[in-house]
Amino acid sequence: MTSYFLRTLFVKTEGTRLILEGDAVKALKEGEEPKRLPLNAIDSLVVLAGIDVSTPLLIRCAEDGRTVAFLSRFGKPRAIVEGPFSGRGQLRSLQYQRQLDEDSRSEMASTIVAGKIRQMIWGLRQWARDTEPSVTQILRHLSEQIESDSEGLASASRQSALGIEGIASKRYFQGLALAVRHQEFAGRVKRPPTDIVNAVLSMLYGLTRISVHGAIHAAGLDPYCGFLHGDRDGQPSLVLDLMEEFRPVADHVGVSLLNRKRLREDDFSTEVSGAVVLNEKGMETIFDAWHRHRNEEVDLAGFEAPVCHASIPIIQANVLANALRSGKSYHPHRMKVQ
């Protein structure tokens, strides 16, 4: 895979206005020199709250197939602008048929949970290699418990799969709390995050969701027709489904930033509501780390050569599309333990 997958422009400074100037995007901010970047140098834009994007730029990006994603201060995607679809009716028809068939949906849901659990086990075992012996033993025990709890997953209903996933996640986050060395973490808290670890995870999950949404769009699938997650109106269920297997890798990026003290207390601020958010300095650090992460190559089961992280959601979205076309099972990716 080439760096084509890696060219994401992050714009984080509040008060910035992005406009179209010829074949380039131009960033304007009062009191600062304008910055200009050719559109052919990027394939997606991610902008945070407080940034204005002109209509001509949005339309040009949509026409070119360039995704524009808007994030809240907590990293939650607020809107995603995409171009028109074409030639995808047959694939989506197969997707809807599979989703409406209860047995097929349960089988797909169980597979999605199995993929996430496999990555959780990978994550715990990776952390176990880089900590003191007493913690290593606990992390390995947690991974064994998760593996044992998931033994009946293959024949589970969708609701049973959700239950198994919930138990596994509880054990996994116990392990994550042990893996984080310099911060307290009592468990996953969202809407809004109320501590530093959760603030980091929320932002990284938001970035993961954007990459998965773009991959699903490129593969021609309907992002709002999922299998594991519910059918709430306006919820991109398939995006949430596919990103499950990528959450543990995002966790590793966050834990690494905190353990190496690349993110510190002064990279965050606490609002009156108690919400903890990354400030501009912290966001710059996390965006830089995300770029580096997406450029890193890893060994995947079934691949002869290493694969960069940025390409894996695209590969998996197409694996899912091919599974729907063939009527076969979906196979989540599997990272090799180093």
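The values are calculated or read from the model by the stated rules, or taken from the named source; none is laboratory data. Note that this is a predicted model, so its numbers are computed, not measured. In this analysis, Cβ positions are derived from the backbone assuming ideal geometry, glycine residues included, and neighbour counts consider all displayed protein chains.
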Some residue of the stretch 78-85 being over 27 Å from residue 189 (Cα atoms), in contact with an Asp or Glu (Cβ under 7 Å, 6 or more places away or on another chain) and not in a helix (DSSP H, G or I): yes
Identity of the residue in the stretch 168-189, hydrophobic (A, V, I, L, M, F, W, C) and touching a residue at least 60 places away in the same chain (Cβ under 8 Å), that ends up nearest to residue 136 (Cα to Cα): 179
Which listed residue is surrounded by fewer than 22 Cβ atoms within 10 Å (Cβ to Cβ) and within 26 Å of residue 125 (Cβ to Cβ), from 188, 158: 188
Every residue from the stretch 174-184 that is surrounded by 18 or more Cβ atoms within 10 Å (Cβ to Cβ) and in a helix (DSSP H, G or I): 175, 176, 178, 179
Breaking point among (1) more than 26 Å from residue 78 (Cβ to Cβ); (2) in a helix (DSSP H, G or I); (3) not charged (D, E, K, R), for residue 332: (2)
The stretch 82-137, residues that are under 14 Å from residue 222 (Cβ atoms) and in contact with a strand residue (DSSP E or B) (Cβ under 8 Å, 6 or more places away or on another chain): 82
Residues of the stretch 197-224 satisfying the condition of being in a helix (DSSP H, G or I) and free of Cβ contacts under 8 Å to residues at least 40 places away in the same chain: none
Selection status of residue 261, surrounded by fewer than 19 Cβ atoms within 10 Å (Cβ to Cβ), closer than 21 Å to residue 127 by Cβ and of a type in the set (Lys, Arg): yes
One residue from 246, 227 being crowded, with 24+ Cβ neighbours inside 10 Å and in a helix (DSSP H, G or I): 246
Of residues in the stretch 10-67 being among the small types (Gly, Ala, Ser) and in a loop (DSSP other than H, G, I, E, B), the one surrounded by the most Cβ atoms within 10 Å (Cβ to Cβ): 54
Filter pass, residue 21 being more than 23 Å from residue 210 (Cβ to Cβ) and either modelled with pLDDT of 80 or more or not hydroxyl-bearing (Ser, Thr, Tyr) (or both): yes
Any hit, the stretch 164-173, residues being touching a Pro at 6+ places or on another chain (Cβ under 8 Å) and at pLDDT 90 or above: yes
Residue match in the stretch 282-295 (condition: under 20 Å from residue 212 (Cβ atoms), in contact with a Phe, Trp or Tyr (Cβ under 7 Å, 6 or more places away or on another chain), at pLDDT 85 or above and not acidic (Asp, Glu)): yes
Meets criteria (in contact with a helix residue (DSSP H, G or I) (Cβ under 7 Å, 6 or more places away or on another chain), within 18 Å of residue 181 (Cα to Cα) and in the same structural domain as residue 182 (by TED's automatic domain parsing)) for residue 276: no
Filter result for residue 99 (free of Cβ contacts under 8 Å to residues at least 40 places away in the same chain, over 30 Å from residue 22 (Cβ atoms) and in a helix (DSSP H, G or I)): no
Residue within the stretch 114-124 that is outside any helix (DSSP H, G or I) and either under 30 Å from residue 18 (Cα atoms) or out of contact with any Lys or Arg (no Cβ under 8 Å at 6 or more places or on another chain) (or both) present: no
Residue satisfying condition, being assigned by TED's automatic domain parsing to the domain that holds residue 245 and either more than 21 Å from the chain's Cα centre (by Cα) or loosely packed, with under 15 Cβ neighbours inside 10 Å (or both), within set 147, 165: 147
Which numbered condition residue 240 misses (of (1) surrounded by fewer than 21 Cβ atoms within 10 Å (Cβ to Cβ); (2) not in a helix (DSSP H, G or I)): (2)
Residue list for the stretch 304-329, filter: assigned to a helix (DSSP H, G or I), farther than 21 Å from residue 248 by Cα and without any contact (Cβ under 8 Å) to a residue 60 or more places away in the chain: 322, 323, 326
Any hit, the stretch 245-259, residues being assigned by TED's automatic domain parsing to the domain that holds residue 114 and at positive phi: no
